[in-house]
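> Please read through the structure below; I'll follow up with questions.
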Amino acid sequence: MDIKIEDLSPIFCEVLENDDLLITESTVAADVPEWDSLNHIYLVVAIEKQFKVKFTTHQIQSWKCVGDILTDLNK
Amino acid sequence: MKIAIIGNYATQFFHKSLLRKLKKNHSDIQMYQSEFNTIDIELLDIHSGLFQFEPDYIIWHESTLGLRDTFYQSITENRVEFALNYQARIEGYLNTISINLPGTKVIFPNHGINFDDKVFGNFSLKVESSWMFQRNKINTSINQLALQFSNFYPMESQPSTNELVVTDYSMVVNAELHFSPDYLDWLSESVLKTIEAFRGQFKKCIILDLDNTLWGGIIGDDGLENIHIGTLGIGKAFTRLQKWLKELKNRGIILAVCSKNNEDIAKSAFEQHPEMVLKLEDIAVFMANWNSKADNINQIQKILNIGFDSMVFIDDNPAEREIVRTHIPKILVPELPLDPADYLPFLISQNIFETVSYSNNDSERTRQYQEESKRVAFSQSITNMDDYLLSLNMRAVISNFQSFDIERIAQLSQRSNQFNLRTKRYSIQDIENIMNNENYLTFSVHLHDKFGSYGLISMVIVKIEENTAFIDTWIMSCRVLKRTVEHLLMNLIVSKLIERKIDIIKGEYLPTDKNMLVEHLLSELAMDKLDEHNYQLKISKYIPLKHFINY
């Protein structure tokens, strides 16, 4: 798969209910006020549904930034 | 409306999903969410946040996976007692809730989801100390508690479709989220229906198309003997659907027919076809003609006198469904699947007919509506209203609330939207409390006339506060509008108040978008209007109102 940051962006905007949100590969949860632990789960579910993938528990726990999510998506 | 959620898993998703759905139709929502896994702490302490919140509804959701963890922690020797101990725990808390929050209803998704651990394989059902044996026993005890506590409402937690992922184990590990967001969305929808039913919003009538909906084929073209029902062709699918509809009818859902057909031909199937499950006497209103379905449904609504939002229309034809939806937006029109074999499982999965009460009286409803059709025909032959009312030979039995009527009374308070002065909803438990409180005068009315019995048709609750009386509730079935029942009742209320030496009765009209019918009721009952919604009457000035009812 070749999924880019532009493909992830709309999901973040929708789940975090913030249309002005700009994410980059280096964005971390602490940078975005709406990105709390609850919304993190919604993000995982939304990304899994959109790209028809299933992350492992280990993958989800190892993410440090948006770039890590992209890396796992493109594996 | 105040709703509290308590659970032994991360309930935030459930909370969020339910709140979003409630907000669509209600503006007055307050919600309370207990901290993670604090069910026992909230319920043991009657000064806890939960008790102080005084919720109308407690949604008590225990994860079965969490229960299994608790089971594993218990020592082996105690496991045969696991279900018994669990039952004692729930029972204790329900007692505390009944005493300290007497009006609160407890909604409890049961442990219907399997979570079989296969430790003993299939043999577990023969091992009393196994998880599966004890889990099954717990569900049985929950059923028992439901019979014991009138404020306890368990509900099925297992979706009727297998397409839903109930638990995403990655979420369990990462977030203590024992249920997938999709499942919690399903569950919140299910809980919402129960809450709406408590508030009087539920379906009362199902309107059925005939050709290719109740049987296969087109009776007008194919002929009576060639329609698919029973053993012919795909008839089994329709037979099963009809059996289910008959069960609904026996429960008290009104069945009506709306079909583009020649009436005689359409009725012949019900009268003559040996394999038809539904018979003519199961159908309250039969509309088979060539008029538009929207017009026919309007006619059905006039005869039944219930809101469009309590009706469901079933038709295999997408064009007819769209026409009805466009003309009558409030009616529910399910998008039937293409294959008739899927009609019934689809309708079941939609859980359309939620309710929060049941009494044997419900099954009488179809007969009552059929009698009503006869009355309509009879009234058209008489021109003078007084003569008509006299000729009905009406007789009423009026008493204070009796224990054998409690269910029906609670139900009337939950079902009635139109002739309902203040739209206060009462549960069985609330009614019992009122009956035992001498500061309340209660009136229930059973009415019959020469065409048959209407059953319980009216209830009034008058609250006595020192030297004045207040009309807390005045409800009447719309089937007996303009029969002067309310006049007779007012005469009786006044005479009771005279016995109690009370000289002032006050009343209030609380408008909703459905009870315009009683906007002027209190004026008609000779009460003086004080302001927009408040009324008062000096008993000594009361002149008895005219009525036509023997009692």
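Every number in this text was worked out from the coordinates using simple rules, so none of it is lab data. Nothing here was measured: the structure is a model prediction, and the numbers come from that model. Virtual Cβ from ideal backbone geometry, glycine too; neighbours counted across all protein chains shown.
> Going down the table (B:249/B:330; B:243/B:293; B:23/B:249; B:203/B:463; B:204/B:293), which pairs top 28 Å between alpha carbons?
B:23/B:249; B:203/B:463
> Mind listing the long-range amide H neighbours of residue B:473? Cut-off is under 5 Å, sequence gap 5 or more, other chains count too, H placed in the peptide plane at 1.01 Å from N.
HN-HN under 5 Å from residue B:473: B:461.
> When the Cα centres of segment B:133-188 and segment B:445-523 are compared, how far apart do they sit, in Å?
Each part reduced to its Cα centre gives a spacing of 43 Å.
> Which of the chymotrypsin sites (Phe, Trp or Tyr not before Pro) across segment B:228-332 are loop residues per DSSP, with 10 or fewer other Cβ within 10 Å?
Hits after loop and neighbour filter: B:290.
> Any idea what the relative contact order of segment B:239-335 is, in percent, if you count C-alpha pairs under 8 Å spaced at least 6 apart?
Over segment B:239-335, the number comes to 24 percent.
> For a Förster distance of 51 Å, can you work out the FRET efficiency between the beta-carbons of residue B:89 and residue B:244, rounded to the nearest 0.05?
Efficiency for this residue pair is about 0.85.
> Another question about this same structure. How big is D for segment B:217-305, in µm² s⁻¹ as a whole number, if Stokes-Einstein is applied with the Kirkwood radius of its Cα pairs at 4 °C and 1.567 mPa s?
Here the translational diffusion coefficient equals 94 µm²/s.
> Still on this structure: Find me the longest stretch of chain B that has none of the exposed GluC sites (Glu not before Pro), where exposed means in a DSSP loop (not H, G, I, E or B) with at most 13 other Cβ atoms within 10 Å.
Longest site-free region, per DSSP loop and neighbour criteria: B:164-334.
> Let me check against my output: what whole-number percent is the relative contact order of segment B:409-551, with C-alpha pairs under 8 Å and at least 6 apart?
24 percent
> To continue, here is another question. If you count the DSSP beta bridges with both ends in the protein assembly as shown, what percent of them are antiparallel, to the nearest 5?
Of those bridges, close to 45 percent are antiparallel.
> Taking a quarter of the surface of the convex hull around the Cα atoms of segment B:1-91, what do you get in nm²?
One quarter of the hull surface, i.e. the mean projection, equals 6.6 nm².
> Continuing with this model, one more query. Give me the distance between the Cα centres of segment B:381-439 and segment A:20-75, rounded to whole Å.
Result: 59 Å between the Cα centres.
> Right, next: Using just the Cα positions, wrap segment B:82-196 in a convex hull and report its mean projected area in square nanometres, one decimal place.
Average projection, Cα convex hull of segment B:82-196: 8.8 nm².
> What chymotrypsin sites (Phe, Trp or Tyr not before Pro) in segment B:17-53 are in a loop by DSSP, with at most 13 other Cβ atoms within 10 Å of the Cβ?
Qualifying residues, ordered by number: B:36.
> Considering only DSSP beta bridges with both partners in chain B, what is the antiparallel share in %, to the nearest 5?
DSSP beta bridges in chain B are roughly 45 percent antiparallel.
> What does the charge count near residue B:151 come to, summing +1 for each Lys or Arg and -1 for each Asp or Glu among other residues with Cβ under 13 Å from its Cβ?
Net of charged neighbours comes to -3.
> What number, in percent, do you get for the relative contact order of segment B:14-84 if the mean sequence gap of Cα pairs under 8 Å and at least 6 apart is divided by its residue count?
15 percent
> Can you work out ³J(HN,Hα) from phi for every residue in segment B:270-279, in order, using Karplus 6.51 cos²θ - 1.76 cosθ + 1.60 and θ = phi - 60°, giving whole Hz and x for Gly and Pro?
My calculation for segment B:270-279 gives 5, 8, 10, 6, x, 9, 6, 7, 7, 10 Hz in order.
> HN-Hα J couplings of segment B:37-45 from phi, Karplus 6.51/-1.76/1.60, θ = phi - 60°, integer Hz, Gly and Pro as x?
Along segment B:37-45, the couplings run 6, 10, 3, 5, 5, 5, 8, 6, 9 Hz.
> Can you work out the FRET efficiency for the pair residue B:367 and residue B:70, with r the C-beta to C-beta distance and R0 = 41 Å, to the nearest 0.05?
0.20
> Follow-up question, since we're still on this one. Could you give the dipole magnitude of chain B about its Cα centre, charging the beta-carbon of Lys and Arg +1 and that of Asp and Glu -1, in debye to the nearest 20?
For chain B, the charge dipole is close to 1220 debye.
> Could you derive backbone 3J(HN,Hα) for segment A:36-50 from the dihedral phi with the Karplus parameters 6.51, -1.76 and 1.60 (θ = phi - 60°), listing whole Hz in sequence and x where the residue is Gly or Pro?
Rounded to whole hertz, the list is 9, 5, 5, 5, 4, 5, 4, 4, 4, 4, 5, 5, 4, 5, 4.
> A further question on this structure: In whole Å and largest first, what semi-axes does the C-alpha gyration tensor of chain A yield when each eigenvalue is scaled by 5 and square-rooted?
Those come to 17, 14, 12 Å.
> I need the shape label for segment B:308-460. Rule: rounded when a/c is under 1.5, else prolate if a/b > b/c, else oblate, with a, b, c from the alpha carbon gyration tensor.
oblate
> Let me ask something else. Can you give the FRET efficiency to the nearest 0.05 for residue B:385 and residue A:38, using r as the Cβ-Cβ distance and R₀ = 45 Å?
0.10
> Amide H of residue B:167 versus every other amide H placed in the peptide plane: which residues, excluding those fewer than 5 positions away on the same chain, fall under 5 Å?
B:180
> Counting other C-beta atoms within 10 Å, and keeping those with at most 10, which DSSP coil chymotrypsin sites (Phe, Trp or Tyr not before Pro) do you find in segment B:402-451?
Here no chymotrypsin sites (Phe, Trp or Tyr not before Pro) fit, given the DSSP loop and packing criteria.
> By what distance, in whole Å, do the Cα atoms of segment B:140-218 stretch along each of the three principal axes, largest value first?
Computed over segment B:140-218, the largest-to-smallest principal extents equal 56, 35, 26 Å.
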